[in-house]
Structure formats: C-alpha cells, structure tokens
C-alpha cells in the first residue's frame, strides 16, 4: 500500500469521524469523500472498527514517539516538562482530527485493542510523573500530589480538542508555554508559593 494513499484514508476518516461522529459516519461516506468506490476502500481496510483503531493507534504512536525522545534527553526536569507540554499541544496543531477522534472515540474500540492503546497512554503519563518527581527531588517543585498534577496537565492539553484553532491568535507553542507557566506557578518551590501555602493552611483567627 502506498504510504501517501493510506495517510489520505486515515486523515479523511479522522476528519469525518470528528465532524459527523464515529457512529454516524459510514464507509460509504468515507469512500465518497475519497472519490473511490466502497470495494476499492475495502481493499485497504476491512471494517470501520479497524479504521478507527488505525486512527487511534496513529495518534498515540505519534504522541508516545515524541515523549520518548524528550525522556531520553539530558535536559533538566523543568525543561523536559516544558517540552512535554509543548509536544502534547503541538499534536493538536499537527494532527487535530486524529487526536480529537482518539480522545472522543477510543472507548468504541474492541477490548483488546482498547487495552493496547491505553497501555501506551499510561506510558506517556508515567514519563510525566517521573519528570515531575525529578523536579520535586531537585527542589524545583515543592512537595505535590504528582498523579493529580499529571491529570491536570492532561486535562488542560486534551481540552484543546474542543477549542484550539490552527489559525487562532496564538501558536501551539505559545499555548504550551502558557500551560507550562501555570504548572510552574502552581508547583514551583518559590517563597511566594510557600507563603501562599502557609496562608491557606493557617486557621482563620476569630475575635
């Protein structure tokens, strides 16, 4: 199969799944959009479920590939965290339809395939945890609930599927840096952060 043709099928299917919804999109819709017959489409893919799996696999493979490269770098933890967030945000810039379908319709996959996709998702979350734990260990971040922080970062990034526009006023990298700034401001081991924490924990004085 020609790589270009397969990528065209995936991108077209992802766009239609996002626009119409996975369940509402038919193989006829996809074939018509590609200007091919349905038998010709079946030459490349057997079922709509297989096509959904290929879209989800493409999303998570691209995501984890970038995460692994960042993990192997020799940058300090906070720099790695900035790169991780930038990469996740950039995924929505480069592969918006694919990422949105992955987030919205991954639950439609068959159990075995869903478990595989989720295992890769857990891998990238684990990299986030390790990087943040390293930032805590070196004193860049205060003692925090690391799993909750990772979920918060994922939530910020994944919500881009609902509002990010490639032609918007901010680039993906700029948005990523805003998110990174929020994390540093909230988790950083600064005097300001320590004072704010102490104020929150101090009981109210009642006269």
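The values are calculated or read from the model by the stated rules, or taken from the named source; none is laboratory data. Since the model is a prediction, treat every value here as computed from it, not as a measurement. Counting neighbours? That spans all protein chains shown, and the Cβs are built from the backbone with ideal geometry, glycine included.
Does the range 122-147 hold any residues that are in a helix (DSSP H, G or I) and surrounded by fewer than 17 Cβ atoms within 10 Å (Cβ to Cβ), and which are they?
Of everything in the range 122-147, those that are in a helix (DSSP H, G or I) and surrounded by fewer than 17 Cβ atoms within 10 Å (Cβ to Cβ) turn out to be 122, 123, 125, 126, 129, 130, 133, 134, 137, 147.
From the list 97, 75, 105, exactly one residue is outside any helix (DSSP H, G or I) and either surrounded by fewer than 20 Cβ atoms within 10 Å (Cβ to Cβ) or touching a residue at least 12 places away in the same chain (Cβ under 8 Å) (or both). Which is it?
Values: 97 fails: outside any helix (DSSP H, G or I); 105 fails: outside any helix (DSSP H, G or I).
Criteria check complete, one pass: 75.
Quick check, is residue 162 buried (at least 17 other Cβ atoms within 10 Å of the Cβ), without any contact (Cβ under 8 Å) to a residue 40 or more places away in the chain, within 16 Å of the chain's Cα centre (by Cα) and not in a loop (DSSP other than H, G, I, E, B)?
On the way: buried (at least 17 other Cβ atoms within 10 Å of the Cβ): no; without any contact (Cβ under 8 Å) to a residue 40 or more places away in the chain: yes; within 16 Å of the chain's Cα centre (by Cα): yes; not in a loop (DSSP other than H, G, I, E, B): yes.
So residue 162 does not fit the description; no.
Since residue 84 meets every condition but one in (1) surrounded by fewer than 19 Cβ atoms within 10 Å (Cβ to Cβ); (2) in contact with a helix residue (DSSP H, G or I) (Cβ under 8 Å, 6 or more places away or on another chain), which condition does it not meet?
With respect to (1) surrounded by fewer than 19 Cβ atoms within 10 Å (Cβ to Cβ); (2) in contact with a helix residue (DSSP H, G or I) (Cβ under 8 Å, 6 or more places away or on another chain), residue 84 is out only on (1).
Can you find, within the range 165-187, the residue that is farthest from residue 129 (Cα to Cα) among those that are in contact (Cβ under 8 Å) with a residue 12 or more places away in the chain and either touching a strand residue (DSSP E or B) at 6+ places or on another chain (Cβ under 6 Å) or part of a loop (DSSP other than H, G, I, E, B) (or both)?
166
Give the range 23-72 a look and list any residue that's under 17 Å from residue 132 (Cα atoms) and surrounded by 16 or more Cβ atoms within 10 Å (Cβ to Cβ), or say none.
Matches in the range 23-72: 67, 70, 71.
Would you be able to say whether some residue in the range 109-122 is in contact with a helix residue (DSSP H, G or I) (Cβ under 7 Å, 6 or more places away or on another chain), under 28 Å from residue 12 (Cβ atoms) and without any contact (Cβ under 8 Å) to a residue 24 or more places away in the chain?
Looking through the range 109-122, at least one residue is in contact with a helix residue (DSSP H, G or I) (Cβ under 7 Å, 6 or more places away or on another chain), under 28 Å from residue 12 (Cβ atoms) and without any contact (Cβ under 8 Å) to a residue 24 or more places away in the chain.
If only one of 62, 134, 94 is touching a helix residue (DSSP H, G or I) at 6+ places or on another chain (Cβ under 9 Å) and at pLDDT 95 or above, which one is it?
The unique qualifying residue is 134.
Can you say whether residue 153 is under 16 Å from residue 77 (Cβ atoms), in a loop (DSSP other than H, G, I, E, B), touching a residue at least 24 places away in the same chain (Cβ under 8 Å) and touching a helix residue (DSSP H, G or I) at 6+ places or on another chain (Cβ under 7 Å), as far as the supplied structure shows?
On the way: under 16 Å from residue 77 (Cβ atoms): yes; in a loop (DSSP other than H, G, I, E, B): no; touching a residue at least 24 places away in the same chain (Cβ under 8 Å): yes; touching a helix residue (DSSP H, G or I) at 6+ places or on another chain (Cβ under 7 Å): yes.
No; evaluated as a whole, the condition is false for this residue.
Could you list, in sequence order, the residues of the range 140-159 that are over 16 Å from the mean Cα position of the chain (by Cα) and under 16 Å from residue 178 (Cβ atoms)?
None - no residue of the range 140-159 is over 16 Å from the mean Cα position of the chain (by Cα) and under 16 Å from residue 178 (Cβ atoms), so the list stays empty.
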